[in-house]
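We did not get these values from a lab; they are worked out from the coordinates using the rules stated. Everything quoted here is computed from the prediction, not taken from an experiment. Backbone-built Cβ (ideal geometry, glycine too); neighbour counts: all protein chains shown.
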Amino acid sequence: MLEKLNASRIEGADLYDWDELVQEDRVHRLIYTDPAIFTAEMTNIFGAVWVYLGHESQIPANDDYITVRLGLRPIILLRDSQGKIRALFNRCAHRGTTLCRKDKGSARIFTCPYHGWSYLNTGKLRAVPWPDGYACDFNDAKYNVAQVPRVDSYRGFIFATLNPDAPSLIDYLGAITKPIDEWLDRQPKGRIRVCEANRLKYKGNWKLAYDNSGDGYHVVFSHRSLLEMENRQADVANKGMSYYKGSPDTAPMYIAYMGNGHHFKDKRPNIQKRAGGLWAVEGPAPGSEHYAEALRRRFGAKAEEILDLASSEPVNINVFPNFSLLGNHIQVFEPISVDETNVTWYGTAVVDEDDTLRGAVDEINALRMRTQEQFPNFGEVDDLANFEEIQRGLACQEDEWIYMHRGLGIPGRVKTDDNGIITAPATDEVFMREYIKEWKRLMKATPKLVVQREP
Amino acid sequence: MSANMQTVHDPTVSSYYVNDELYRNLVENFTDWQREELAIAVPEVRDRFRLLIEREARLLDELRFDEWLAMYSPECIYWVPGTPEGGDPRREIAVSFDDRRRMEDRIYRLRTGYAWSQAPKSRTVRMISNVEVFATSESAVRMVRSNFLISEFRVDGTRFLSGWCGHRFVERAGRWEIQVRQVNLIDCDRNLRNPSIVL
C-alpha cells in the first residue's frame, strides 16, 4: 500500500531562484550554509533519487539487519524472513520511537521498547499489548511500519528511494554501471565482503565531500604530506597518486561526467597495464614485504595479479548523491546537518569461495586491510580539515561565490561523446559544473514522495 | 614475535614481521589476558609500568616522537581497533594498525608541515589511571591495562577522547619495551572527527 505524503513540508522549488544560486561557472555560498536548503535537500535529493544504503554482504542471511540512514531518516535495512530486502523506517507506528537501536544483528521480530508493540520483519504489526483497550481494527495497514517503497540492488549494492516517479535503479545508474562492473570484476567472481570501516566526520556541508570526490586538482596540494610520506623511502617517487605531480592534465587519466549527477575519475590509464602494475605503485603497508615474497615463492609470476588485489584500484566512481567506490573502499556520505557530515570508508575484502586464489585469500585480505587503512589515516584527514576550513571561510557572507570554472571556455578541452558522456583532463572542474546542474534541476522539482506499508 | 627473536630485516625499512603468526598471536594475546588470577598486585611492579605509561603520555603530549618511538621494540604494533571487541585485523580494517615503518610514516607525515589536519597542531594533555598489570606465561612479557582521557584542543574548541589501552611490554636487555599497544577508544565504531593525533 502506497501512502501519499500531503503534510506541509519545505518545497525546494519555492525557496530560491535556483538559477541565481547555481550559475555556469560558480555557485552561491548559501547552497553550503543555508539550513533551509539543507532541509529541502533531505526531500528533493535524499528522498527523490536513489540513495545508497548498504551492501548485501552486510545482511547475508534472512532476518539479518543493519541500521542506516536515508538522508536523516533512521532506517532498518534488512533481509526479511522470506529473503526480501526491505528498508523499514526505524520508527514505531504508534508514537514514533525507534524500534531498533543496534548497528546490526538478526531479528524476526522488532518489539518497541516503549509500549511493547511488536512487528514482523516485513514491517507488519504482529501484536499490541492489551488490545482490548483499543476500539480500532489493527488489521488496518496504517498500523504497520512505514517502509521505503522502492529498494533495489545493483550487483550487491543496495539503493532505495521514496520517489515513485524516479527511473529504475539501472536507468538511474546508467553509464556509471560500466566502471562499477569493472571495479567488481577485478575481484574473484566479482564479489566482495564489507569488513568494517574507517569512520570519519567533519563539520561541513555534505556537498563538499561530493565536490571533492571527482577533484583531481587538489591532490598534490591537499595530500602533499601523504605523497611525501609514502615516497620517503622509494627509489623512484612513483607511489600512490604521484602521477598528479608535474603536469597531470597531459597524463592519460581523465575525469568523466556520466549523467544523473554521477562522475568518474579514471586514473587507471596512468598505471602500467600488466600483472603487478598496481602493486608496483602501492605505498608501503604493514606486511607488504612478507606477504609479497611469500606469495611469489608459492605462485611465481601468478603472484603479481594476486598482489594487485591488495592494491588500491585507481578510480573514483561517484554515484550521486552519497556513494563512491575508490581504491578498494565503498565510501558513503551521510549528511547530519547543514554543516556536519559523516564520511564512512567501508573496507572491502576479497571473497573466494571457489578458491580461485588457491588458498591465498586470507593472506591477500590481511594485506588488503592494511593498504586500505592508509588513505583514511594519512590522506582523508587532510581533505576533511580543508572541508572544515571551507565551511569556516564561507561564513564571510559578503563574499558570495564559489568558483568551479577550471577548464570552462577552453576550446577542445572538454569533450562530449555520442552517449553524452563528458570527459576532460584530470584537474578539470567540469564534473562539478555538471553535477550541480543536476542538483539544481532536482531542487527546482516538486517530487511526490511516498512510503509503503504492508497491506 | 617472541621477545628474543633475531631481527633479520630492518623493520624501519621493510615489513616482514607482520605475518600470519604475528596476527594469530595478537588476536590470542588480546582476547584473554585480563584475568583476576594473573593480576600482579605488587606496588613496585605496578609503579614500574605506570611510570612507563605516564612517560609515554607525556612524550606524546610534548610531540617528542623520537623518544616515544624509542620506547617501543624494533618490531612493534600500534593498533586502534574499529570495533569495541578489538576485532580480527586479518579480516577487518581498524581505525589504525601500524607496524614500525607505518608508525614512523605517521610521525614523518606530521613533520612535513603539510599535514593540514594538524596545522595548526592539536594541544593535548593525557590522564592515565586505573593501571593494572597482568602476568603472562612468559616471565619477560607483561600485559598492562590502563584508562586514558585525552583533552585535545584544536582551532575551535576542546574535545575529549577516552578509552583504555592494552600494552604488551617485553623485557629486553634489562629494559621493558612496548611491543604492542592497543588503543581502545570508547567510540571507536562511531564516526570520528579529525583522528589525526597519535593516540
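Residues with amide H under 5 Å of A:L70's amide H, sequence separation 5 or more or different chain, H placed in the peptide plane at 1.01 Å from N; which?
A:I75
Given H placed on each backbone N at 1.01 Å, which residues far from A:R91 in sequence or on other chains put an amide H within less than 5 Å of it?
A:L99
Placing +1 on the Cβ of each Lys and Arg and -1 on the Cβ of each Asp and Glu in segment A:356-455, which of A:A385, A:T356, A:T416 has its Cα farthest towards the positive end of the resulting dipole?
Among A:A385, A:T356, A:T416, the one farthest towards the positive end of the dipole of segment A:356-455 is A:T416.
In whole Å, how far is the Cα centre of segment A:275-306 from that of segment A:334-364?
About 20 Å separates the Cα centre of segment A:275-306 from the one of segment A:334-364.
Hey, what did segment A:50-162 get for relative contact order, percent, Cα under 8 Å, at least 6 apart?
27
Hand me the trypsin sites (Lys or Arg not before Pro) from segment A:73-147 located in a DSSP loop with no more than 14 other Cβ atoms within 10 Å, in residue order please.
Filter output for segment A:73-147: A:K84, A:R95, A:R101, A:K102, A:R108.
Loop only per DSSP, at most 16 neighbouring Cβ atoms within 10 Å: give me the chymotrypsin sites (Phe, Trp or Tyr not before Pro) in segment A:40-141, ordered by residue number.
Qualifying residues, ordered by number: A:Y114, A:Y134, A:F138.
For chain B, what is one quarter of the convex hull surface built on the Cα atoms, given in nm²?
11.2
Could the peptides A:161-170, A:350-359, A:288-297 be put in order, highest first, of the mean number of other beta-carbon atoms found within 10 Å of their residues?
The packing order, highest mean first, is A:288-297, A:161-170, A:350-359.
Please list, in order along segment A:100-107, the HN-Hα scalar couplings obtained from phi with the Karplus expression 6.51 cos²θ - 1.76 cosθ + 1.60 (θ = phi - 60°), rounded to whole Hz, x for Gly and Pro.
Those phi angles translate into 10, 10, 8, 6, 7, x, 9, 7 Hz.
If you place +1 on the Cβ of every Lys and Arg and -1 on the Cβ of every Asp and Glu, how big does the dipole about the Cα centre of segment B:30-151 come out, in debye to the nearest 20?
Here the size comes out at about 520 debye.
Can you pull the mean other chain C-beta count within 10 Å for peptide A:292-298?
That average works out to 1.
If you take each beta carbon of peptide B:48-58 and count the beta carbons of other chains within 10 angstrom, what is the mean?
Per residue, the average neighbour count from other chains is 0.
Skipping prolines and chain starts, which residues have an amide H placed within reach, meaning under 5 Å, of the one on A:G276, given they are 5 or more residues away or on another chain?
The answer is A:E305, A:D308.
Picking from B:C76, B:I128, B:T31, whose Cα lies most toward the positive end of the charge dipole for segment B:20-185 (charges on Cβ: Lys, Arg +1; Asp, Glu -1)?
It is B:I128, whose Cα lies furthest towards the positive end.
Normalised by the number of residues in chain A, what is the relative contact order in percent for Cα pairs under 8 Å and 6+ residues apart?
In percent, rounded to a whole number, it is 24.
For segment A:175-442, give the magnitude of the charge dipole about the Cα centre (Cβ charges: +1 Lys/Arg, -1 Asp/Glu; no others), in debye to the nearest 20.
Roughly 460 debye, rounded to the nearest 20.
Sort chain A into rounded, prolate or oblate with this rule: let a ≥ b ≥ c be the square roots of the eigenvalues of the Cα gyration tensor; rounded if a/c is under 1.5, and if a/c is not under 1.5, prolate when a/b is larger than b/c, oblate otherwise.
Judged from the Cα gyration tensor, chain A comes out oblate (a/c at least 1.5, b/c at or above a/b).
Identify which of B:F65, B:F160, B:F49 has the largest mean-square fluctuation in a Gaussian network model of chain B, with springs joining Cα atoms closer than 10 Å.
Among B:F65, B:F160, B:F49, the largest GNM mean-square fluctuation belongs to B:F160.
Could you tell me which of the pairs A:K273/A:K302; A:K189/A:K239; A:K178/A:K265; A:K239/A:K273 are separated by over 18 angstrom between their Cα atoms in the structure shown?
Violating the 18 Å limit, Cα to Cα: A:K189/A:K239.
Suppose every K and R has +1 on its Cβ and every D and E has -1 on its Cβ; what is the size of the dipole of segment B:1-100 about the Cα centre, in Debye to the nearest 20?
The dipole magnitude comes to about 80 debye.
Whole-Hz ³J(HN,Hα) for each residue in segment A:12-21, computed from phi via Karplus 6.51 cos²θ - 1.76 cosθ + 1.60 with θ = phi - 60°, x for glycine and proline: what do you get?
3J(HN,Hα) across segment A:12-21, in whole Hz: x, 4, 8, 6, 9, 7, 5, 5, 7, 6.
May I ask you to derive the relative contact order of segment A:334-455, considering only C-alpha pairs under 8 Å and at least 6 residues apart, and to give it as an integer percent?
Rounded, it is 13 percent for segment A:334-455.
Within chain A, which cysteines find no other Cys whose Cβ is under 4.7 angstrom from their own?
Lone cysteines by the Cβ rule: A:C100, A:C136, A:C195, A:C396.
Enter the mean number of other protein chain beta carbons within 10 Å of the beta carbon of each residue in A:338-350, as an integer.
Mean inter-chain Cβ contacts per residue within 10 Å come to 2.
Return A:H218, A:H28 ranked ascending by Cβ neighbour count within 10 Å, so the fewest neighbours appear first.
With the sparsest Cβ surroundings first, the list reads A:H218, A:H28.
Give the residue from A:L78, B:N19, A:P335 lying farthest towards the positive end of the charge dipole for the protein assembly as shown; charges sit on Cβ (+1 for Lys and Arg, -1 for Asp and Glu) and the dipole is referred to the Cα centre.
Value: A:L78.
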